[in-house]
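Worksheet: one structure, shown below.
The values are calculated or read from the model by the stated rules, or taken from the named source; none is laboratory data. Since the model is a prediction, treat every value here as computed from it, not as a measurement. Note that each Cβ is placed from the backbone with ideal geometry, even for glycine, and that neighbours are counted across all protein chains shown. Just so you know, the surface numbers come from the protein's heavy atoms only, side chains and all, with ligands and any DNA or RNA stripped out. Shrake-Rupley method; radii C 1.70, N 1.55, O 1.52, S 1.80 Å.
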Amino acid sequence: VVIGDHDGVVLCFGMKKGEAVTVFKTLPGQKIARLELGGVLNTPQEKIFIAAGSEIRGFTKRGKQFLSFETNLTESIKAMHISGSDLFLSASYIYNHYCDCKDQHYYLSGDKINDVICLPVERLPRMTPVLACQDRVLRVLQGSDVMYEVEVPGPPTVLALHNGNGGDSGEDLLFGTSDGRLGLIQITTSKPIHKWEIRNEKTRGGILCVDSFDIVGDGVKDLLVGRDDGMVEVYSFDNANEPVLRFDQALSESVTSIQGGCVGKDGYDEIVVSTYSGWVTGLTTEPVHKESGPGEELKINQEMQNKISSLRSELEHLQFKVLQEREKYQQSSQSSKAKSAVPSFSVNDKFTLNKDDASYSLILEVQTAIDNVLIQSDVPIDLLDVDKNSAVVSFSSCDSESNDNFLLATYRCQANTTRLELKIRSIEGQYGTLQAYVTPRIQPKTCQVRQYLIKPLSLHQRTHFIDHDRKGEGVFKSDNISTISILKDVLSKEATKRKINLNISYEINEVSVKHTLKLIHPKLEYQLLLAKKVQLIDALKELQVHEGNTNFLIPEYRCILEEADHLQEEYKKQPAHLERLYGMITDLFIDKFKFKGTNVKTKVPLLLEILDSYDQNALIAFFDAA
């Protein structure tokens with residue numbers, strides 16, 4: 001197993017009698033961004049290539065360095081793919097293709113490149129690199145030009161060849177997104193063919209890594225997936241070649257890499273994963289409980305005892321090393337010549353939009369335990385409950401009028417928490433900055449600040465169907481008048497700030513208001529019906545106790561009792577949902593008349609009364625009559 005880490009160390013180890021034995025280990029250097037195996041095409045891929053800064057280095061499997069290639073890129077390398085003597089690299093926005101370390105092709109992307117891959121040249125008559133870009137697009141290249149673009153459901157974070165070789169056609173490409181979706185696309189010469197997509201219905205983390213390996217042992221390669229919330233998943237393929245989830249395992253940190261292979265014991269395959277703070281874990285197919293006779297049982301117990309004593313001695317050695325380093329640090333910081341030494345730490349953060357529930361996930365991960373996180377915002381936002389979050393939150397009062405401070409919240413983490421996930425809901429039209437102050441459990445106390453932009457249309461995402469014939473003008477269309485109102489206000493404000501002359505004309509279709517209300521109706525009706533169901537639960541439970549069973553109840557009431565726990569759990573989140581829907585309808589009402597030059601804010605209390613005794617026809621009539 002070969003691993004590259006943030007300290008620039010390449011470590012290669014094997015397993016002997018249940019213990020890790022180092023094959024080679026390099027000296028520290030620049031942070032290693034990518035590690036790939038390569039070699040001559042159609043031979044075992046046993047050469048190790050790493051990307052650190054703007055340099056590519058190559059090692060043999062015994063640790064001898066045979067390549068040092070300085071690319072002279074102005075940005076650090078973020079993604080790499082190796083195919084024989086071809087090297088495909090991408091920095092944040094720049095893609096480069098090299099052959100035998102000679103520059104071949106170049107492309108500048110309009111948005112960040114998260115990953116790069118090339119369809120297998122040994123199976124296809126052409127070279128087809130593919131870039132995974134942050135704007136939800138896969139860009140398929142030919143030389144230095146884009147052949148075509150493929151829109152995917154979320155920002156793609158990782159690309160992989162299906163079955164490790166492009167599948168039956170050699171053109172099948174897997175992608176994983178930052179909002180947790182998986183998909184398979186066939187990249188033909190003329191157009192993409194979407195094969196399948198797995199939606200993230202369990203709202204698990206974003207996908208960071210995938211591999212193809214037959215871990216089930218049925219002769220068909222399975223799909224191994226690692227997510228940023230620590231979930232490891234195994235998907236098998238059914239007769240229709242559709243993926244089916246077979247196994248999953250939750251780890252406490254984000255999974256940075258995943259591979260299938262035979263490592264620990266002959267005859268038993270494993271899934272080997274690495275996590276953000278540096279742990280390497282093996283999930284084995286070897287049975288944990290073995291059936292054995294008395295002699296065999298003694299042998300197993302002895303094996304376990306040896307393993308435990310080995311772990312104890314390793315732990316004692318680590319504790320001694322920590323004490324030594326702590327003493328050394330204390331002496332150096334107290335000496336008269338000492339400069340102020342602020343310990344450095346890295347924060348792995350991600351701020352992504354969840355389309356399904358119109359909220360943002362803020363994930364903060366540190367390589368050491370987190371003490372506390374302070375959240376501050378200069379715009380109104382709501383913090384939503386996250387089941388996986390065990391931190392204790394406390395809110396401080398804010399003076400929003402004098403210093404634009406709308407939120408101050410502190411999350412105090414439990415011991416050994418290295419990852420914190422928060423859910424945030426913004427209000428469209430109110431834009432500014434969200435700041436997170438992250439303080440880990442290290443001495444002396446130190447803190448890092450991360451900033452995240454809350455954008456004016458924070459709950460919208462870009463589309464990729466653009467008319468290139470129009471020059472110097474933009475046409476914005478929406479079913480919702482409030483969206484147009486936000487755009488008008490923001491564009492006017494930004495144009496005034498930059499002294500740009502802007503002509504804005506608008507055309508309002510009255511029917512769109514009724515249409516938007518009809519779109520909101522099912523969501524609002526569901527929330528109101530949920531409240532009615534929850535109010536019945538206690539009375540129905542009392543009847544059940546009194547009668548001894550539920551046979552006398554009509555099916556609808558029996559169903560409420562069966563789903564009682566789920567309904568009550570959902571009801572806890574209801575105030576925020578209802579408030580949000582009421583807010584959307586109120587904004588729609590105000591914006592409808594704002595375009596007519598009428599201020600109807602005095603009629604808002606009457607609107608809220610109608611919403612409290614909700615009837616769709618009465619609401620539409622109120623909008624028409626006002």
PRE reach from residue 538 (point 7 Å along Cα→Cβ): which of the stretch 577-591 fall under 20 Å by backbone N?
-> none
Describe numerically, in nm with one decimal, the distance between label points set 7 Å from Cα along Cα→Cβ at residue 531 and at residue 72.
-> 6.8 nm
Please give the helix 511-547 orientation as an angle from the longest Cα principal axis of the chain, in degrees from 0 to 90, rounded to the nearest 10.
-> 80 degrees
XL table 532/603; 25/47; 455/514; 16/307; Cα-Cα > 19 Å flagged, in table order, is 532/603; 455/514
Cα-projected label distance for residue 329 with residue 550, points at 7 Å along beta-carbon direction, nm | 5.6 nm
Could you pull out every one of the lysines with an alpha carbon less than 18 Å from that of residue 499, ignoring same-chain neighbours closer than 8 positions?
-> 488
Rg and Dmax of the stretch 1-136, Cα atoms, in Å?
-> 15.6, 51
Modelled label-to-label distance, residue 319 and residue 25, 7 Å Cα→beta-carbon offset: nm?
-> 2.1 nm
Take residue 358, project a point 7 Å from its Cα along the Cβ direction, then tell me which residues of the stretch 382-401 have their backbone nitrogen under 17 Å from it.
-> 382-385
Hydrodynamic radius by Kirkwood for the stretch 1-61, inverse mean 1/r across distinct Cα pairs, in Å, is 12.3 Å
Segment residue 495-residue 257, length gained on full extension (0.36 nm per residue, minus Cα span) = 81.1 nm
For a quick protection proxy, order the peptides 530-542, 264-276 by their average other-Cβ count within 10 Å, most packed first.
-> 264-276, 530-542
Enumerate the amide H contacts of residue 256 below 5 Å, restricted to partners 5 or more residues apart or on another chain; note that Pro and chain-start residues carry no placed amide H.
-> 274, 275, 276
Give the Rg/Rh ratio for the stretch 503-580, taking Rg as the radius of gyration of the Cα atoms and Rh as the Kirkwood radius, to two decimals.
-> 1.26
Pairs over 30 Å Cα to Cα, from 17/221; 523/594; 112/423; 202/533; 202/592, come to 202/592
Using the alpha-carbon atoms, what tilt in degrees (0 to 90, nearest 10) does helix 294-334 show relative to the longest principal axis of the chain?
-> 80 degrees
Length gained if residue 112 through residue 600 is fully extended, taking 0.36 nm per residue and subtracting the Cα-Cα distance, is 171.3 nm
So what J values fall out for the stretch 478-494 if you push phi through Karplus, 6.51 cos²θ - 1.76 cosθ + 1.60 with θ = phi - 60°, rounded to Hz, Gly and Pro as x?
-> 7, 5, 9, 4, 4, 4, 5, 5, 4, 4, 4, 5, 5, 5, 4, 5, 5
Over the chain, what percent of the accessible surface lies on carbon and sulfur atoms, probe 1.4 Å?
-> 51 percent
Find out how many positive minus negative residues lie around residue 276, taking Lys and Arg as positive, Asp and Glu as negative, among other residues whose Cβ is under 15 Å from that of residue 276.
-> -4
If one compares the long axis through the Cα atoms of helix 574-594 with the longest principal axis of the Cα atoms of the chain, the angle in degrees, nearest 10, works out at 50 degrees
What is the distance in Å between the Cα centres of the stretch 109-166 and the stretch 547-563?
-> 54 Å
Cα-based convex hull, the stretch 79-118, per residue volume (Å³, whole number) = 53 Å³
So what's the stretch 204-286 giving for Rg/Rh, alpha carbon basis, Kirkwood Rh from the mean inverse pair distance?
-> 0.96
For every other residue with a beta carbon closer than 11 angstrom to the beta carbon of residue 348, add +1 if it is Lys or Arg and -1 if Asp or Glu, then tell me the sum.
-> -1
Give the Rg/Rh ratio for the stretch 310-450, taking Rg as the radius of gyration of the Cα atoms and Rh as the Kirkwood radius, to two decimals.
-> 1.08
Apply the Karplus parameterisation 6.51 cos²θ - 1.76 cosθ + 1.60, with θ equal to phi minus 60°, to every residue of the stretch 43-49 and state each ³J(HN,Hα) to the nearest whole Hz, in sequence, with x for glycine and proline.
-> 10, x, 7, 10, 8, 9, 10
For the chain, report the translational diffusion coefficient in µm²/s to the nearest whole number, using Stokes-Einstein at 4 °C, 1.567 mPa s, and a Kirkwood Rh over Cα pairs.
-> 45 µm²/s
Gain on full stretching of the segment that runs from residue 312 to residue 144 - 0.36 nm per residue minus C-alpha separation = 54.9 nm
Only Lys, Arg (+1) and Asp, Glu (-1) charged, at Cβ; the stretch 2-203 dipole about Cα centre in debye = 640 debye
Take every Cα pair under 8 Å in the chain that's 6+ residues apart, average their separations, divide by the length, and report that relative contact order as a whole percent.
-> 5 percent
Got a sec to turn the phi values of the stretch 60-70 into Karplus ³J(HN,Hα) couplings, 6.51 cos²θ - 1.76 cosθ + 1.60 with θ = phi - 60°, whole Hz, x for Gly and Pro?
-> 7, 6, 9, x, 7, 7, 10, 9, 9, 10, 8
